[in-house]
Amino acid sequence: MSLSQTLKTYLDSQGVPYQVIHHDPTPSANRSAEAAHIPGDKLVKAVVLEDNGQYILAALPATRRLKLGRLHHTLGEHVGLATEAEVERLFGDCAQGAVPALGSAYGLETLVDDSLNDQDEVYIEGGDHESLVCLSGRAFMGLLGPARHGNFSAHI
């Protein structure tokens, strides 16, 4: 596979400078950071959530784990993890487990963990297990629009 066409089209249409970093195939975000020789806290992973048929993407560093209790408190409501089938339907041009942490490219709201607020640059999955997209932290936040922020993760 290569960079998700949806992601590429979105980034190009927004006129945001980005760089694609290729690496050996990996099974997880943490391994992708290692393979690409980047700090794991700069690699933003995506967790897809579901709430009564509505989907939301939570963005957090690869070095952290989503804490649903904290997320429920941040949102003021309970959400659950989307199923693999739901994720596959929403991100049809992405490999399983390689969802880009840019929900706006797929028409989804993105929730941003506070630990990402001061990153000078970030990397997101490119939609396969062999590429990452590098963006400035400012560009990443700008692409998300009026995203909600909260403290909903903890170090692994």
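The values are calculated or read from the model by the stated rules, or taken from the named source; none is laboratory data. Since we're looking at a predicted model, the values are computed, not measured. Virtual Cβ from ideal backbone geometry, glycine too; neighbours counted across all protein chains shown. SASA here: full protein model, heavy atoms, side chains in, ligands and nucleic acids out. Shrake-Rupley method; radii C 1.70, N 1.55, O 1.52, S 1.80 Å.
Only strands (runs of 3 or more DSSP E) wholly contained in the range 1-95 count here; list those with 2 or more residues that are over 13 Å from the mean Cα position of the chain (by Cα) and touching a residue at least 12 places away in the same chain (Cβ under 8 Å). Full working, then the answer.
Numbers: elements: 19-22, 43-51, 54-61, 64-66.
Because the criterion is at least 2 residues that are over 13 Å from the mean Cα position of the chain (by Cα) and touching a residue at least 12 places away in the same chain (Cβ under 8 Å), the strands (runs of 3 or more DSSP E) in the range 1-95 that meet it are 19-22, 43-51.
Hey, among the residues in the range 127-156 that are touching a strand residue (DSSP E or B) at 6+ places or on another chain (Cβ under 8 Å) and among the charged types (D, E, K, R), which one's surrounded by the most Cβ atoms within 10 Å (Cβ to Cβ)? Show your work before the answer.
Residues of the range 127-156 touching a strand residue (DSSP E or B) at 6+ places or on another chain (Cβ under 8 Å): 130-137, 140-141, 143-144, 147-156.
Of the ones still in play, those that are also among the charged types (D, E, K, R) are 130, 148.
Working: Glu130: 21, Arg148: 13.
That would be Glu130.
Answer with yes or no whether Glu50 is touching a Leu at 6+ places or on another chain (Cβ under 9 Å), surrounded by fewer than 18 Cβ atoms within 10 Å (Cβ to Cβ) and among the charged types (D, E, K, R). Reasoning before the result, please.
Values: touching a Leu at 6+ places or on another chain (Cβ under 9 Å): yes; surrounded by fewer than 18 Cβ atoms within 10 Å (Cβ to Cβ): yes; among the charged types (D, E, K, R): yes.
In short, yes.
Kindly list the number of the only condition in (1) open to solvent by less than 60 Å² (accessible area, probe 1.4 Å); (2) more than 21 Å from Leu144 (Cα to Cα) that fails for Val20.
For Val20, the failing item is (2).
Name every residue in the range 82-101 that is closer than 25 Å to Glu34 by Cβ and out of contact with any strand residue (DSSP E or B) (no Cβ under 6 Å at 6 or more places or on another chain), in order of residue number.
Kept after step one, since they are closer than 25 Å to Glu34 by Cβ, are these residues of the range 82-101: 84, 87, 91, 94-101.
Glu84, Phe91, Cys94, Ala95, Gln96, Gly97 - these are the residues of the range 82-101 that are closer than 25 Å to Glu34 by Cβ and out of contact with any strand residue (DSSP E or B) (no Cβ under 6 Å at 6 or more places or on another chain).
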